[in-house]
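Q: Please find one structure pasted underneath; my questions will follow.
Values quoted throughout were computed directly from the atomic coordinates according to the rules given, and no laboratory measurement underlies them. No experiment lies behind these values; they were computed from the predicted model shown. Please note: Cβ atoms are built from the backbone with ideal geometry, for glycine as well, and neighbour counts cover all protein chains shown.
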Amino acid sequence: MTEVIETDLIPDATSRDANWWRQAAVYQIYPRAFADSNGDGMGDLPGITSRVPYLSDLGIDAVWLSPFYPSALADGGYDVDDYRDVDPRLGTLEDFDALVAALHAAGIKLIVDLVPNHTSDRHAWFREALASPKGSPARDRYIFRDGKGPRGSEPPADWTSVFGGPAWEPVGDGQWYMHHFAVQQPDLNWNNPEVRADFLHTLRFWSDRGVDGFRVDVAHGLAKNLGAELPSQAELDATPKDGDHPLWDRDDVHDIYADWRKVFDSYDPPRTAVAEAWVAAHRRARYASAHGLGQAFNFDLLEADFDAEQFREIITFNLGLAEESGSSTTWVFSNHDVVRHATRYGLPPRGPGAGGGDHTAEKQGRQWLLARGAEPVLERELGLRRARAATLLELALPGSSYLYQGEELGLHEVPDLPDEVRQDPTFFRNPGVDVGRDGCRVPLPWTREGVSFGFGDAPADLPQPAWFADHAVEAEDGDPASTLTLYRRALALRHELQTAESLTWIESGRDDVLAFGRPGGWVSVTNFGTDPVDLPDGEVLLTSAPLEGGRLPGATTAWLRA
Ligand code: TEU
């Protein structure tokens with residue numbers, strides 16, 4: 001038995017206390033793919049409001065709403081034209097207020113996505129920058145540099161963007177601007193005081209409208225230190241990301257979040273934030289500090305195989321990090337950027353020693369997508385069975401669980417979207433190398449039939465496959481064996497059983513079984529192997545698949561009351 005962490009805090013995610021987020025189950029809504037109320041083929045805010053009863057029945061504590069701001073959708077809304085408005089195709093500010101009111105009436109908090117690293121190229125600031133001369137204050141809000149060569153016709157540096165292709169774009173007068181992501185996403189200059197002030201304004205704007213927290217996009221990218229001489233990509237690659245890299249995870253980024261914290265703490269209860277920061281594990285704690293954003297994602301489980309040893313190591317390590325930061329830890333299997341976990345777990349194992357390095361389970365999934373899901377053959381049932389077991393394990397862990405719309409329906413990735421409907425810039429910028437993230441962004445099926453399975457009255461812009469019918473809410477509602485029923489039961493029980501943020505490993509005597517107890521007698525046992533195993537003593541509360549002769553079969557989790 002290993003004591004991992006003990007705190008005396010017993011949060012209650014349903015109350016209005018300042019710690020509501022510490023062990024919340026947060027459900028991510030990708031708004032354009034959730035529910036379409038006006039038949040234009042695009043999900044919208046009134047669509048979400050109409051589904052609040054569904055969210056309430058599901059039993060989540062909070063919604064994380066991906067960007068709903070005006071946007072040309074060059075990157076699914078992560079290219080923001082105006083941070084303090086609603087995309088007219090999604091509704092109005094009044095619709096937003098109605099959504100907040102409906103969620104709050106149902107006891108559900110709302111976290112909105114904030115995209116501070118870059119604006120869109122249609123943002124008023126960027127238009128002004130293009131219309132203004134070199135060296136002007138308007139250009140200083142972004143990262144402009146003179147090009148090299150005659151008339152600046154060569155880029156100022158050879159950098160590649162995160163999305164593939166060059167990271168510098170010419171504007172026609174010898175100057176170029178920097179973009180970590182798509183061309184339509186110019187990076188902001190966070191050394192500019194006006195940029196800093198404007199985001200404080202945005203934080204207050206949404207906090208005043210009742211928003212409970214923020215998910216901070218690319219939180220490790222805002223601070224940059226670029227002198228007159230730009231380094232080469234090779235030099236960037238060779239520079240350790242330990243606080244003084246010119247572009248990523250700089251120590252001074254935390255000065256920005258210290259300012260934000262003052263805004264968060266001026267509200268009652270304080271507004272919360274969670275950092276999306278793809279940084280080395282030992283650097284995560286700073287983002288999660290109570291003086292900064294307060295919580296940070298860890299993506300370790302979504303990069304791992306369905307493997308007891310990897311899971312145990314990741315869980316122990318991250319609970320330790322949580323102790324270091326004073327925050328609670330976060331768990332994520334799926335989101336709008338990655339191959340859905342039911343699909344990842346249905347692909348062949350990556351072989352001995354897999355776990356770290358660049359070839360993660362998620363990257364393996366992306367390679368599979370490149371073959372349009374043809375090879376290797378996806379073991380659909382096994383993948384879903386493992387995903388259900390993994391999720392039940394996750395929901396018993398101390399800390400917050402971030403769930404992605406559709407996983408509660410057991411959805412697989414849609415691997416075979418025709419190229420002509422694809423929207424993700426990572427598809428267009430990486431021909432033949434990456435098909436992008438559209439396969440996890442296909443609109444949800446609500447009914448077994450209809451032009452878009454109840455998503456709306458028009459066909460969905462990303463076409464839904466025929467097999468979505470079997471995963472529709474209507475098909476799964478009330479079916480005791482469905483994934484939706486499993487999530488509902490698990491989330492309801494989690495509320496009942498939720499307890500202090502600690503965990504005690506229970507030695508199972510087997511390498512392929514992970515068992516742990518939470519204070520108060522809540523026990524979770526997962527069999528990662530194939531042979532049925534005996535369960536510890538206790539009352540079985542819930543299982544991710546039926547027991548076999550009282551024993552726990554392979555790829556199954558059971559919750560017990562000891
Ligand atoms: O993602 C940041 C990020 O680093 C990911 O883009 C990741 O590298 C990528 O998904 C791999 O394909 C955030 C958002 O979650 C993502 O949707 C946005 O596209 C991105 O920022 C730019 O805003």
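Q: Name the residue from 281, 183, 562 whose Cα lies farthest towards the positive end of the charge dipole of the chain, charges +1 on Cβ of Lys and Arg and -1 on Cβ of Asp and Glu.
A: 183
Q: Let me ask something else. Write down, largest first, the equivalent ellipsoid semi-axes of the range 188-262 in whole Å, where each equals the square root of 5 times an eigenvalue of the alpha-carbon gyration tensor.
A: 29, 13, 9
Q: Note the direction-averaged projected area, equal to a quarter of the hull surface, for the Cα convex hull of the range 98-163, in nm².
A: Across all orientations, the range 98-163 yields a mean hull projection of 7.4 nm².
Q: Could you give the nm distance between label points at residue 82 and residue 510, where each point is 7 Å from its Cα heading toward the beta carbon?
A: That separation, rounded to one decimal, is 5.9 nm.
Q: For residue 537 and residue 92, compute 0.36 nm times the residue count separating them, minus their Cα-Cα distance, and round to one decimal in nm.
A: Going from the current span to full extension adds 154.8 nm.
Q: State to the nearest 20 debye the size of the charge dipole of the range 369-497 about its Cα centre, where the only charges are +1 on K and R beta carbons and -1 on D and E beta carbons.
A: Here the size comes out at about 420 debye.
Q: Return the long-range amide H neighbours of residue 148 (sequence gap of 5 or more, or a different chain), with a cut-off of under 5 Å between placed amide H atoms.
A: Sorted by chain and number, the residues that satisfy this are 154.
Q: For the range 138-161 and the range 259-320, what is the separation of their Cα centres, given in Å?
A: Using only Cα atoms, the two centres lie 34 Å from each other.
Q: Please give the charge dipole size of the range 28-162, origin at the Cα centre, charges +1 on K and R Cβ atoms and -1 on D and E Cβ atoms. Round to the nearest 20 debye.
A: 520
Q: Residue by residue, what Karplus-based ³J(HN,Hα) values in Hz, rounded to whole numbers, does the range 47-60 have, using 6.51, -1.76 and 1.60 with θ = phi - 60° and x for Gly and Pro?
A: x, 5, 4, 5, 9, 4, x, 4, 5, 5, 5, 5, x, 7
Q: Does the range 214-304 come out rounded, prolate or oblate, given a ≥ b ≥ c as the square roots of the eigenvalues of its C-alpha gyration tensor, rounded meaning a/c under 1.5 and, failing that, prolate meaning a/b above b/c?
A: Here the range 214-304 falls in the oblate category.
Q: Here is a follow-up. Which cross-chain or sequence-distant (5 or more) residues have an amide H under 5 Å from the amide H of residue 215, H modelled 1.01 Å from N in plane?
A: For residue 215, whose amide H was placed from the backbone, the distant partners under 5 Å are 112, 113, 114, 274.
Q: Along the charge dipole of the range 195-339, which of 254, 338, 214 sits closest to the positive end, that is, farthest toward it, with unit charges on the beta carbon of Lys, Arg, Asp and Glu (+1, +1, -1, -1)?
A: So the residue furthest toward the plus end is 214.
Q: If you average 1/r over every pair of different alpha-carbon atoms in the chain and take one over that average, what Kirkwood value in Å do you get?
A: Averaging 1/r across every pair of different Cα atoms and inverting gives 24.3 Å.
Q: Using the Karplus curve 6.51 cos²θ - 1.76 cosθ + 1.60 with θ = phi - 60°, work out ³J(HN,Hα) for each residue of the range 207-214 in order, rounded to whole Hz, and write x for Gly and Pro.
A: 4, 5, 7, x, 5, 8, x, 9
Q: I would also like to ask the following. About its Cα centre, how strong a charge dipole does the chain have in debye, to the nearest 20, once Lys and Arg get +1 and Asp and Glu get -1 at the Cβ?
A: Roughly 360 debye, rounded to the nearest 20.
Q: Here's another thing I want to ask about it. How compact is the range 353-450 by the rule of thumb for globular proteins, expressed as Cα Rg over 2.2 N^0.38 Å?
A: 1.21
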